1. One decimal, nm, shortest first: give the distances between the label point of B:Ala145 and those of the same position in the other copies, each label point 7 Å from Cα along Cα→Cβ.
2. Pairwise over distinct Cα atoms, reciprocal of the mean inverse distance: report the Kirkwood radius of the protein assembly as shown in Å, one decimal place.
3. Give, rounded to the nearest 20 debye, the magnitude of the charge dipole that chain B has about its Cα centre when Lys and Arg contribute +1 at Cβ and Asp and Glu contribute -1 at Cβ.
4. For the interface of chains B and A, what total accessible area is buried with a 1.4 Å probe, rounded to the nearest 100 Å²?
5. Between A:Glu70 and B:Asp38, what FRET efficiency follows from the Cβ-Cβ distance if R0 is 35 Å, with the result rounded to 0.05?
6. Can you show me the helix-derived [θ] at 222 nm for the protein assembly as shown, built from DSSP H runs with n ≥ 4 at -39,500 (n - 2.57) apiece and divided by the number of residues, rounded to the nearest 500.
7. What residues in region A:1-47 lose 40 Å² or more of accessible surface when the other protein chains are added to their chain alone (1.4 Å probe)?
8. Please give me the summed charge of the neighbours of B:His406: other residues whose Cβ is under 11 Å from its Cβ, Lys and Arg +1, Asp and Glu -1.
2 protein chains.
Amino acid sequence: MSKYDQLSAHYQTIHHFNHAQAMLGWDAAANMPAGGNDARSNAMAELSVHVHRLSTQPQLEDWFGQAEQEALTGEQQASLREMKRQWQQATVVPEELVQAQSMAGSKCEHAWRTQRQENDWAGFEKNWKEVVALSREEAQIRGDALGVTPYDAMLDKFEPGTSSASLDVLFSEVKLWLPELIEKALAKQRSETIIMPTGRFSTASQKALGLDVMKLLQFDFTRGRLDESVHPFCGGVPSDVRITTRYDEEDFVQALMGIVHETGHARYEQGLPNAFAGLPVGEARSMGIHESQSLFFEMQIGRSQPFISHLSRLSAEAFNAHQDPVFAEENLQKIYTRVEKGFIRVDADELTYPAHVILRYEIERDLINGVIEHTDVPALWDEKMQASLGLSTKDNDKNGCMQDIHWTDGAFGYFPSYTLGAMYAAQYKATMTNTVDFDAAIQSGDLSPIFQWLSDNIWSQASLHTTDELVKRATGETLNAAHFKKHLEGRYL
Amino acid sequence: MSKYDQLSAHYQTIHHFNHAQAMLGWDAAANMPAGGNDARSNAMAELSVHVHRLSTQPQLEDWFGQAEQEALTGEQQASLREMKRQWQQATVVPEELVQAQSMAGSKCEHAWRTQRQENDWAGFEKNWKEVVALSREEAQIRGDALGVTPYDAMLDKFEPGTSSASLDVLFSEVKLWLPELIEKALAKQRSETIIMPTGRFSTASQKALGLDVMKLLQFDFTRGRLDESVHPFCGGVPSDVRITTRYDEEDFVQALMGIVHETGHARYEQGLPNAFAGLPVGEARSMGIHESQSLFFEMQIGRSQPFISHLSRLSAEAFNAHQDPVFAEENLQKIYTRVEKGFIRVDADELTYPAHVILRYEIERDLINGVIEHTDVPALWDEKMQASLGLSTKDNDKNGCMQDIHWTDGAFGYFPSYTLGAMYAAQYKATMTNTVDFDAAIQSGDLSPIFQWLSDNIWSQASLHTTDELVKRATGETLNAAHFKKHLEGRYL
């Protein structure tokens, strides 16, 4: 057996434990009763340690050295590169730290599920302190190894090839034109009349509607499910993708578009090439590229006029309200493009969303780099929210720094992916429309040409190329924020 | 650290991987879409191999030798004995065989879920052949090591301390009086009028009723859930017990009592002592003792007059049918003690059930010992069903040898546990009534005195004693089939 094949078999083994980890994580969010938490945390920590051990076995260094001397195809070279990237990321962090992070993260995240509801910053802070300390320790170790700042090392986990220097430039640019664009959109929408939905929209009806929309988006139900959790996410494995949502019986709007969003993540996973299943090269390229799929589904497809037309028809059917003006196409269109300055990122509209991300980026960058302390976060959040969107979160941490799940288990460096994803999605759309009649495909109810483009250019490519290469092959250029700006201006001005 | 402590830590680690395995198994039955099966089978096989590796590490033999020289408390000695028992069972079977069995079992079981519905023996046989062959290989290896027959070695996995010689005697005895008892009960019931339920009983209402009954039985919902699967079971871990049922919207009777049964399993798990959590000595004593709890709940509590009175009230409420004579106490009592010769074990009444078990026992004993071949099973099943209950299963394998999940993944040696459990349960009841006012406790709706007896005598004892010791401590004698006979005669004559 060649060293390349040996490495491949080894990474398949790791994948099987990651499968278990993914399903236990999904279950913890979607099913698990509170009393199961300690045993689950211990089991998941043990799996983490084991995966870490497998990922850092001493012989791997030699195997990589020898495999690099073997005659490999281009795809095998890409596969080797991705295995090596994961190996390098894994070897840097000591096993004890991995285990401590998993334990502290599980504990903090689980408690947060009730602490958030109770606006209990003091309680949350006690657990989170440890999560932050361990993340800083990790960031320091990674940063030293890569020769970058601690925060840039965390970014590298989610967005290989991205630095805070480039994000600072990119986000500064967005900050230049975003405030004015928001104000203009608000002014334009001020005179609009919107009929807001008033409940009750039963969970059962909303779920049935969600499943209908997932069918329209060609979600493969033989390889996935829709369930419920406090914080919606896409989990599982490519052959069994688990997406979740949360229903509000007073309002169907957020859950419905949330399902469209998660379906984008899910189709990327379901569309990954089977030939590389279980190998690093067969995984999604990066978090930003993952978000480019969910946001392509949500923003480019989901909020387009012809798709809103489908939603109008399907939702009126689901709630048996054919004459209700709430579900009229024009009204839904207004609801789904309504701009509003709000507290909650996951409820934010497309236009104010980047402001939420940039705020988080600036705080987590400084927190991980040791420029600020974790106890500074509530006040800083308040200050930045006031500056960017004119809203105060003083004594309202449940709608401030405690609103997101990400930081509870140490996923620092993740937030920028959302806005990178939105930018990529706009860029794909600009390219796709050269060859695909986008609106007509949606209107017909058969979105296959759109999914074929995404499959050819993104899903089937998995991690065969670097992010920059992937985007360049798909669109002819690397990330260009101009497409995003143009898209937003087209929709909101 | 003492060797005893080192061993304990090692078995805790194993337990964490078993936690993952248990939850993946539950998920595969309760949630997983068909397309997820291959990846799941691979992941579970990998976990099996890993657990097997941990359970057979070469240093364990030395550790056991050294730990046996250490000064240990009585409980520690019991703990050491149970670790060693698991170690001996694990070391016998080669890793490749464990992996092959897990793969073949997953494949066979998953395909069986549809093949059974389609009465597809030919399709099932193709997968099952491999399962049987691998089980025989396992049984041969275990038998050689233990110096017993292959089948006795399989029995030992589920019922340590039991042999087919003793079961042959025990079951021969039952076969002496059971047929006559069945005929007498049938004769007595011939003139009874029963009003059978006629649907529709919605799944939602049945589930709500099931949850009510679980509350009455003091199931701890902070440490467990109720879900659905084709074949009802109790899975998960003690702090997070997952029970399942299957609903028939034409009839609520089976699902309801099925929930009572699984709740018995669940409360045993939930009642295991926390002090030994994750250690072999903290696990349930044996499959027969596990069944003694589910059957205590189902047969001793569930079919008692005062409990039927609760079911009468709760079911009439759940289906909003207060005047419906179906739900009258006397009618439910007749339904739940109705004797009928039927094909399906899980639908069988208390009195004919042992006949189903003895049939399976005789077939699997001969199959594993190589006396018969797997292709002989359908005809033998038909022959034995005709002899014991006067029913033919010719060309009806879905209601014959394909009806149970157990053999699909190689759980040979398990079936006797059901009838052992029924016998133990009758014996506990006979003892318990010396100190507990059984009927009055149920009538009051507070069953705590009954559960306290079970907790003190069975649940809290976990595997601290051998089966014989456990039963003797609880009831003053080892298994005595006379209590079972007396219980059946009391109820059915």
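The values are calculated or read from the model by the stated rules, or taken from the named source; none is laboratory data. Source: prediction; values computed, not measured. Every residue, glycine among them, receives a Cβ derived from its backbone with ideal geometry; neighbour counts consider all protein chains shown. Ligands, DNA and RNA are excluded from the accessible area calculation, which covers all protein heavy atoms including side chains. Shrake-Rupley method; radii C 1.70, N 1.55, O 1.52, S 1.80 Å.
1. 3.9
2. Averaging 1/r across every pair of different Cα atoms and inverting gives 31.2 Å.
3. In total the dipole reaches around 620 debye.
4. Buried area (both sides, nearest 100 Å²): 2400 Å².
5. Once the sixth-power term is evaluated, E becomes 0.75.
6. -20000 deg cm²/dmol
7. A:His16, A:Phe17, A:His19, A:Leu24, A:Asn31, A:Pro33, A:Gly35, A:Ala39, A:Arg40, A:Ala43, A:Glu46
8. -2
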